[in-house]
Amino acid sequence: MNLKSNLIFTLYTIYGILLKVMASKGKARGISGQYPLVQNMTVTEGGTANLTCRVEYNDNTSLQWSNPAQQTLFFGDKKALRDNRIELVRATWSELTISISDVTLSDEGMYTCSLFTMPVRTAKAYLTVLGVPEKPEIDGLTKPALEGDHITLTCITQGSKPAADLRWFRNEKEIKGAKEVNASGKTFTVRSSLQLHVDRNDDGVAYTCKVDHVALTQTPQQATEVLEVHYAPRVHILTPHNVPQEGQYFKLECVSKGNPSPDPVMWTKDGAELPDLDRIIVEGRELTFTSLNKTDNGTYRCEASNHLGTSSADHILYVYDVPTTPLPSTTPPLHPTPPDPTALLGTHASDPTVTGNRDPNAVGQHGTDHALIGGVVAVVVFVTLCLIIVLGRYLARHKGTYLTNEAKGADDAPDADTAIINAEGNHAHAEEKKEYFI
């Protein structure tokens, strides 16, 4: 019985606690529902801002919007401030929404929504106005610039809020500049400088300054300047790959690069004017030989100039004789034929190493002869040393003492005649000691 009563008491206690919790939640909900709800707004300068104030549980109490100067804009659906930019969007017991068009920087600040209860309850929303940066301008560019000059490009943009960011690009590649920010009222003026040491590679390069800002999501602002650089010319001569031979067509092309363009170019031969021949034609930058001749041998110079300087390049032309033998075939003949001695003589006759004429077009053509002579000398020296070593070893192995007949018997003889007789006797004894093998 006691257990049953205790169980009933516990259930009533839990039920009471639940009722108290639900009552407290309902009371809190009613109190919170009497407070206005607002949100902060961010708008770009020149845009439209919508301010909304909501109340979840309103007992027919009026709502009011006021500006940062505490001037009433709307009280319910009644307009209080004469400003054509401010319009009513929605007005009910639970919501009051207004709009401000063509927003300026002076509209930025804290806006207040008031709920006229006892006491009055308020909520504040901050309106942030973004200042749109102006299109940037690039200063400091001199046209044209000269190779070797030091110039400073400066990009400037004004009216940004917050401060904008400036980025430099050389064609499509980003490069770093020096940034400077100055405040001007509520907006900022931003500068970025770029130091350049100008060379000929900068000619025709586009330098672009781009503005990065939160207000420029759709219309990016940028400025571009193309650098023009004047520089002295540089010259080189293009030659054909074939070997110049008598009677052939031959062309030299003078390639010059400078700004301003060094036109026309001037051709000379051996420091003098070109010979007045019908075979030699000058057309613009090209020097053409319609039919080469031995008299065309020499040094040809191409010279180009502008107001900044002069440049030249040389080409040494050597005309070869026409070979008397046909060029070797890539496919072997079916019946090989012995070489023609007269053809070989003719070929060597046209070789500058045989005729005594040096070919200026060929570099190091006697390198093979010097190498061959050096090899022969080395072989001769080596063979001589080997012979000396072999001869020395042979003499060392057969070294002995050779005595005359007198010397062989002189040890025991009183005079020379006796020594000779003794020697002959010894020789006879030696003959007796011979052994024969059959």
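Here are the numbers for this structure:
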{"quantity": "The stretch 185-308 pair-distance distribution - Cα-Cα, 10 Å bins, rounded %", "calculated": "10, 28, 19, 14, 11, 9, 7, 2, 0"}
{"quantity": "Alpha-carbon Rg with Dmax, taken over the stretch 95-207, Å", "calculated": "22.9, 80"}
{"quantity": "Distribution of pairwise C-alpha distances over the stretch 91-156, 5 Å bins, in %", "calculated": "3, 10, 14, 12, 9, 8, 6, 6, 6, 6, 5, 5, 4, 3, 2, 1, 0"}
{"quantity": "Backbone HN-Hα couplings from phi across the stretch 153-165 [Karplus 6.51/-1.76/1.60, Hz, Gly and Pro as x]", "calculated": "9, 10, 9, 10, 9, 10, x, 8, 7, x, 4, 6, 10"}
{"quantity": "Whole-Hz couplings from phi, Karplus 6.51/-1.76/1.60, listed for the stretch 385-392; x for Gly and Pro", "calculated": "4, 4, 5, 5, 5, 5, 4, x"}
{"quantity": "Surface share of carbon and sulfur [accessible, 1.4 angstrom probe, percent] for the stretch 234-275", "calculated": "52"}
{"quantity": "Rg ratio (alpha-carbon, reference 2.2 N^0.38 Å) - the stretch 200-241", "calculated": "2.13"}
{"quantity": "Binned Cα-Cα distances of the stretch 59-132, short to long, each 5 Å bin given as a whole percent", "calculated": "3, 15, 27, 27, 16, 8, 3, 1, 0"}
{"quantity": "³J(HN,Hα), Karplus 6.51/-1.76/1.60, whole Hz, each residue of the stretch 168-185, x for Gly, Pro", "calculated": "9, 9, 9, 6, 9, 9, 6, 10, 9, x, 9, 9, 9, 10, 10, 7, 9, x"}
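The values are calculated or read from the model by the stated rules, or taken from the named source; none is laboratory data. Here the structure is a predicted model, which is why all the values come from computation and not from measurement. Note: areas computed on protein heavy atoms with side chains; ligands, DNA, RNA excluded. Shrake-Rupley method; radii C 1.70, N 1.55, O 1.52, S 1.80 Å.
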